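J.: I have a structure I would like to understand better, so I am pasting it below and will then ask my questions one at a time.
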Amino acid sequence: MAVLRLAFNIAWFIMGGFIMGLAWWFAGLLCIISIIGIPFAKSCFIIGEMTFWPFGQDAINRQNLTGKSDIGTGSFGLLGNIIWFILLGFWLAIGHIICAIASAITIIGIPFAFQHLKLAKLTVIPIGQTIITTHN
């Protein structure tokens with residue numbers, strides 16, 4: 001399983017994952033430059049790293065993982081996700097959806113399309129999420 005996951009990650013990286021990972025990191029740099037977006041920057045860099053190698057990783061709600069509520073999983077997290085989506089998340093979601101459509105054109109690209117859709121969903125609600133390693 002690990003060899004297959006590695007093969008998918010390498011193919012993903014070569015066929016578009018690199019570009020979308022850079023897009024996440026660019027969004028993180030914009031957040032840092034804006035100063036008020038600094039709290040979003042860390043999420044951008046972490047999710048950008050996941051975007052480079054998405055197979056074998058998943059994003060889940062931190063509250064579901066720990067059983068505890070925190071600032072990112074409560075009302076402030078919801079407000080932050082709304083602000084995030086309006087400013088940067090919308091554009092990243094469009095990028096992932098376009099890449100998903102392009103990947104789904106070929107049969108071999110369908111797993112990549114599903115990963116892009118998973119990441120597009122993450123662009124809507126990145127605050128309050130944590131990245132975990134899956135062993136499926």
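The values are calculated or read from the model by the stated rules, or taken from the named source; none is laboratory data. These numbers were taken from a predicted model, which means no experiment stands behind them. Glycine also receives a Cβ, built like all others from the backbone with ideal geometry; neighbour counts cover every protein chain displayed.
J.: Select from the range 96-108 the residues that are surrounded by fewer than 19 Cβ atoms within 10 Å (Cβ to Cβ), at pLDDT 90 or above and part of a helix (DSSP H, G or I) and list them in ascending order.
T.: Once the filter is applied, which keeps residues that are surrounded by fewer than 19 Cβ atoms within 10 Å (Cβ to Cβ), at pLDDT 90 or above and part of a helix (DSSP H, G or I), the range 96-108 yields 97, 98, 101, 102, 104.
J.: Would you say residue 45 is free of Cβ contacts under 8 Å to residues at least 40 places away in the same chain and surrounded by 15 or more Cβ atoms within 10 Å (Cβ to Cβ)?
T.: yes
J.: Take the residues of the range 21-45 that are within 18 Å of residue 71 (Cα to Cα) and in a helix (DSSP H, G or I): which is modelled with the lowest pLDDT?
T.: 39
J.: Test each condition in (1) touching a residue at least 60 places away in the same chain (Cβ under 8 Å); (2) part of a helix (DSSP H, G or I) for residue 58 and report the one that comes out false.
T.: (2)
J.: For the range 63-83, state whether one or more residues are in a helix (DSSP H, G or I) and in contact (Cβ under 8 Å) with a residue 60 or more places away in the chain.
T.: yes
J.: Considering only the range 73-91, I want to know if a residue exists there that is more than 20 Å from residue 46 (Cα to Cα), over 12 Å from the mean Cα position of the chain (by Cα), hydrophobic (A, V, I, L, M, F, W, C) and surrounded by 15 or more Cβ atoms within 10 Å (Cβ to Cβ).
T.: Checking the range 73-91: not a single residue is more than 20 Å from residue 46 (Cα to Cα), over 12 Å from the mean Cα position of the chain (by Cα), hydrophobic (A, V, I, L, M, F, W, C) and surrounded by 15 or more Cβ atoms within 10 Å (Cβ to Cβ).
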